[in-house]
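Novice: Shown below is the structure under consideration.
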Amino acid sequence: MAKHEIINTLKIGFIGVGNLGQAVMKAFIDSGVVSRENIRIANRTERKLERVAAEFQVRSVPTNEQLIDECDVVILGIKPQDLYQAIEPISSSFHSDHVVMSLAAGVSLSSLQKLIPSAEKILRVMPNTAAKIRRSVTAYAATPKCQPILPWIEELLGTMGVVVPVEDGEMMQSLTVAASSGIGFLYELMIYWKEWLEERGIDSDTAKKITVQTFAGAAAMAEIAPDTSLDELQRKVTSLKGVTAAGLDSMRELEIERTLRISFEKASMRDKELGQNFNK
């Protein structure tokens, strides 16, 4: 049976349909790999559950237990600080045939295995919200029992964008910060870009358009030149003693790299903290 055909036979459930869960679900549906009829959702807030079910035209179920019972793949779209309380009372509802994917930052595979001992096929999956436009970087780490099913797992995750298998621990932590949180970091830079333009008399809408196109253009140029290093791409747009060179010299004098590294490390520490708090 082809990978795509295997996915077509699966019922996929989302426990928790926050922003990230919705982004993942949208990618699944928009890709055509997963049909709406095979998706189930549950959420602790009934009003939100009804709204998301109507928006995505998928079936909602009243309890997490019913969702687990009806589904082959269960995606835990629950915040790390709420995960234990939500899943521990119903952990016995899972069985060895279930595939469980956790989207919770900081919660390790070993912690998930302790939380759901009856499940053998468990994955940590860390996409970013660009999944909703199928442009995510999605890192995953899996328990050994997942090995035989990784071909269709990667196809399913691939509906969101680029898939990167990693080891749990520091590698997953790094991808969480650089790719998932990284979306927010880039928006911060874009805000500065836009504000600088506005201060010079450019209206807000135009300033946003210029900023977005500049970032998108740089990313697109890097994307179509996979064998060219980022350093080389930068050199190609930098004339000796020119305007770009003057700006770059100032950025380096101000140690922008150091500031960004500190931000990455702070985010990484928070990821560790979430995992430690979960295990308490």
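Laboratory data are not the source of any read-out in this text; all were calculated from the coordinates shown. Here the structure is a predicted model, which means the values were calculated and not measured. So basically every Cβ, Gly included, is an ideal-geometry build from the backbone, and we count neighbours across all protein chains shown.
Novice: Tell me, what is the FRET efficiency for Gln66 and Val164 to the nearest 0.05, using R0 = 35 angstrom and their Cβ-Cβ distance as r? Present the calculation step by step, with values, prior to reporting the outcome.
Specialist: Working: r = 33 Å, r/R0 = 0.95.
The formula returns an efficiency of 0.55 here.
Novice: Continuing with the same structure: Helix 19-31: angle to the longest alpha-carbon principal axis of the chain, degrees 0 to 90, nearest 10?
Specialist: Taking the Cα atoms of the chain, the angle to 19-31 is about 80 degrees.
Novice: Percent relative contact order of the range 176-276, based on C-alpha pairs within less than 8 angstrom and at least six residues apart? Display every interim value, and only then the final one.
Specialist: Working: 24 pairs, mean separation 27.5, N = 101.
Relative contact order comes out at 27 percent.
Novice: Arranged by the count of other C-beta atoms within 10 angstrom, fewest first, what order do Arg261, Arg47, Arg59 take?
Specialist: Fewest-to-most Cβ neighbours within 10 Å comes out as Arg47, Arg261, Arg59.
Novice: Something else: Pairs of Cα atoms under 8 Å, at least six residues apart: use those to get the relative contact order of the chain, whole percent.
Specialist: The normalised contact order for the chain reaches 16 percent.
Novice: By how many degrees, between 0 and 90 and to the nearest 10, does the Cα long axis of helix 46-56 differ from the longest principal axis of the chain?
Specialist: Helix 46-56 sits roughly 70 degrees off the main axis of the chain.
Novice: If the limit is 18 Å between Cα atoms, which of Lys114/Lys145; Lys132/Lys272; Lys48/Lys114 go over it?
Specialist: Lys132/Lys272; Lys48/Lys114
Novice: Now for a separate question. Shape call for the range 176-276 from the C-alpha gyration tensor, a ≥ b ≥ c root eigenvalues: rounded (a/c under 1.5), prolate (a/b greater than b/c) or oblate?
Specialist: Prolate, since a/c reaches 1.5 and a/b exceeds b/c.
Novice: From the phi of every residue in the range 75-92, what ³J(HN,Hα) in whole Hz does the Karplus formula 6.51 cos²θ - 1.76 cosθ + 1.60 yield, where θ is phi - 60° and glycine or proline is x?
Specialist: Per-residue couplings from phi come out as 9, 8, x, 10, 4, x, 6, 9, 5, 4, 4, 6, 9, 3, x, 10, 4, 6 Hz.
Novice: Using the Karplus equation 6.51 cos²θ - 1.76 cosθ + 1.60 (θ = phi - 60°), what ³J(HN,Hα) coupling, rounded to whole Hz, does each residue of the range 158-166 give in order, writing x for Gly and Pro?
Specialist: So the Karplus estimates, Gly and Pro as x, are x, 5, 8, x, 7, 10, 10, x, 9 Hz.
Novice: A further question on this structure: Hey, can you grab everything whose amide H is under 5 Å from the amide H of Gly161? Only 5+ residues off in sequence or another chain; H modelled, so Pro and N-termini drop out.
Specialist: Counting only residues 5 or more places away or on other chains, the set is Ser136.
Novice: What net charge is computed for the residues neighbouring Ala141, neighbours being all others with C-beta under 10 Å from the C-beta of Ala141, Lys and Arg scored +1, Asp and Glu -1?
Specialist: With Lys, Arg at +1 and Asp, Glu at -1, the neighbours total -1.
Novice: Could I ask something else about it? Compute a Gaussian network model of the chain, connecting alpha carbons closer than 10 Å, and tell me which residue from Glu50, Glu65, Glu257 fluctuates the most.
Specialist: It is Glu257.
Novice: Hey, can you grab everything whose amide H is under 5 Å from the amide H of Phe14? Only 5+ residues off in sequence or another chain; H modelled, so Pro and N-termini drop out.
Specialist: For Phe14, the qualifying residues are Arg40, Ile41, Ala42, Ile75.
Novice: Let me ask something else. For each of Glu273, Glu223, count neighbouring Cβ atoms within 10 Å of the residue's Cβ, then give the residues from fewest to most.
Specialist: Ascending Cβ contact count within 10 Å gives the list Glu223, Glu273.
Novice: Between Arg36 and Asp97, what FRET efficiency comes out of the Förster formula 1/(1 + (r/R0)^6) with R0 = 30 Å and r the beta carbon distance, rounded to 0.05?
Specialist: 0.80
Novice: Excluding Arg40 itself, what net charge comes from residues whose Cβ is under 11 Å from its Cβ, given Lys and Arg +1 and Asp and Glu -1?
Specialist: -1
Novice: Follow-up. Rounded to the nearest 10 degrees, what's the angle between the helix 182-199 long axis and the longest principal axis of the chain, both from Cα atoms, 0 to 90?
Specialist: Value to nearest ten degrees: 40.
Novice: Placing unit charges on C-beta atoms (Lys and Arg positive, Asp and Glu negative, everything else neutral), compute the dipole magnitude of the chain about its Cα centre in debye, rounded to 20.
Specialist: Roughly 300 debye for the chain.
Novice: Something else now. Among Ile29, Ile15, what is the fewest-to-most ranking by other Cβ atoms within 10 Å?
Specialist: Ile29, Ile15
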